[in-house]
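Take a look at the structure below.
Every number here is computed from the coordinates shown, using simple stated rules; none is lab data. None of the values given here were measured: they were computed from a predicted structure. Quick reminder, even Gly has a Cβ in these numbers, built from the backbone with ideal geometry, and neighbours come from all protein chains shown.
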Amino acid sequence: MKLWLEKRHLDLKVNWKLSRNQTTFKENFIVHLETDYGNFRSEIAPNIRYGETVEAIEKEFNSWMTLVDLSELTSPEKLTLALDQKSLFHSLRFGLESVWLSFLAAKSNQSLSRFLKLPSPVKVATSFSMPITPVAEIKDYLAPLSRFHSLKIKVDAESGKEMLQEIKKHTNAKLRVDANEGWKDLDQFMNFEESLKGMNIELIEQPFPSSMIEEYKELKKRTSYKLLADESIEDVGDFSELSKQFHAVNIKLMKTGSLLKAHDLLLEARRHQMESMIGCMIETTIGISYGMLFGGMVDYVDLDGFLLIKEEPFRLVNETEGILSLN
């Protein structure tokens, strides 16, 4: 039995610009587990917002490996205890947990979805994302995207209004406006929201930093749109509080650090009458294939991360006319 990480450099099709950073490439890890029952893979997509760097991931992985005896991880419960011995970066924890659960499922002669008591994976319609983009380039960016019924538009306080006004000229798709915590003032955001009238807005995602709880509560009372939590929910969530701030939650496996926790969070959202999205980082189809496990449980799907990679290497997920399916 062998567990190891392979670093992968992934060039992107565009300059991926958000309100807090930008990049033209990602460095992820593929997690490999070699066993007598077959070889299994998962993925780690580090997120700089949470201090996850390539170097830090490698250091934490090597440290964790000194603490565990892999031969003793014979059940999900024992795996969870081993993972909780050390406070791991969420993306690393996800990569370790998911590859090991895949192994345990195969060992018990079950699909991973059946092993986890999830619905069977289904074909799902995904949105497609646009980074913060110069207005002059928007028409050309949107031209090949008519097959997608929803677009996720990254915005910031400086250029968001101008971007969306230009986007409106070139698409009838539903727009998911993703601010990535780009606003710091409620009144300023309400002025921005006024400019959205007449646009096909499906929802607005995380306009303020997660720490601005009172502003979110006030915004929920005043807004005309559905509010989606992203950075405000990670591996745990106080849904009695979240439901006062948002209408829906975005669950990302790299952020929850766990397939098991993601399932619990989705069920908890439903119990609090909140809608849910399964989202992703920029990931290969290895990571996206795990997200597909939850497609039948959510109201919105945003699993386009692999479509942003210039040469996606694994081709485990197919996209046709905006619909995703497992190959």
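For this structure, a couple of remarks:
- Choice from GLY182, GLY291, GLY51 showing the highest fluctuation, given a GNM over the chain with Cα pairs closer than 10 Å: GLY51
- Whichever aspartates and glutamates have a C-alpha closer than 16 Å to that of LYS197, once near sequence neighbours (fewer than 8 apart) are set aside: GLU162, GLU166
- Region 2-115: relative contact order as a whole-number percent, Cα under 8 Å and 6+ apart: 23 percent
- Taking region 130-269 and dividing mean pair separation by its residue count, relative contact order in percent (alpha carbons under 8 Å, at least six apart): 17 percent
- Computed extension length for SER71-ASN15: 15.8 nm, one decimal, from 0.36 nm per residue of separation with the Cα-Cα distance subtracted.
- Mean ellipticity per residue at 222 nm, deg cm²/dmol - from DSSP H runs of n ≥ 4 across the chain, formula -39500 (n - 2.57): -9500 deg cm²/dmol
- Label point 7 Å beyond Cα of MET1 along Cβ direction - residues of region 26-63 with amide nitrogen under 14 Å: 33-40
- Distance between the C-alpha centres of region 283-311 and region 46-97: 22 Å, rounded to the whole angstrom.
- For the listed residue pairs LYS26/LYS252; LYS139/LYS161; LYS26/LYS217, the alpha carbons are over 25 angstrom apart in LYS26/LYS217.
- Coarse-grained scattering of the chain at q = 0.09, 0.11, 0.12, 0.14 Å⁻¹, given as base-10 log I(q)/I(0) from a Debye sum over alpha-carbon atoms: -0.46, -0.69, -0.83, -1.12
- FRET efficiency estimate (nearest 0.05) - Cβ-Cβ, ASP36 to ILE213, R0 35 angstrom: 0.10
- Relative contact order [Cα under 8 Å, 6+ residues apart], the chain, whole percent: 18 percent
- Taking the C-alpha atoms only, the angle from helix 213-222 to the longest principal axis of the chain is near 50 degrees.
- Of the chymotrypsin sites (Phe, Trp or Tyr not before Pro) found in region 50-149, not one falls in a DSSP loop while having at most 13 other beta-carbon atoms within 10 Å.
- The long axis of helix 54-65 is offset from the longest Cα principal axis of the chain by roughly 30 degrees.
- When each of the peptides 293-306, 231-244 is scored by the mean number of other C-beta atoms lying within 10 Å of its residues, the order from highest to lowest reads 293-306, 231-244.
- When +1 charges are put on Lys and Arg Cβ atoms and -1 charges on Asp and Glu Cβ atoms, the dipole computed for region 49-123 relative to its Cα centre reaches about 440 debye.
- Cα long-axis angle, helix 90-107 against the chain (0 to 90 degrees, to the nearest 10): 50 degrees
- With the simple spin-label model, which puts each label point 7 Å out from Cα in the Cβ direction, the SER108 to GLU58 separation comes to 3.6 nm.
- Most positive-pole-ward Cα, MET130, ASN62, ALA179, against dipole of the chain from beta carbon charges: MET130
- Over 32 Å (Cα to Cα) - which of LYS13/LYS255; LYS86/LYS174; LYS17/LYS117 fall in this group: LYS86/LYS174; LYS17/LYS117
- Share antiparallel - DSSP beta bridges, the chain, percent rounded to 5: 55 percent
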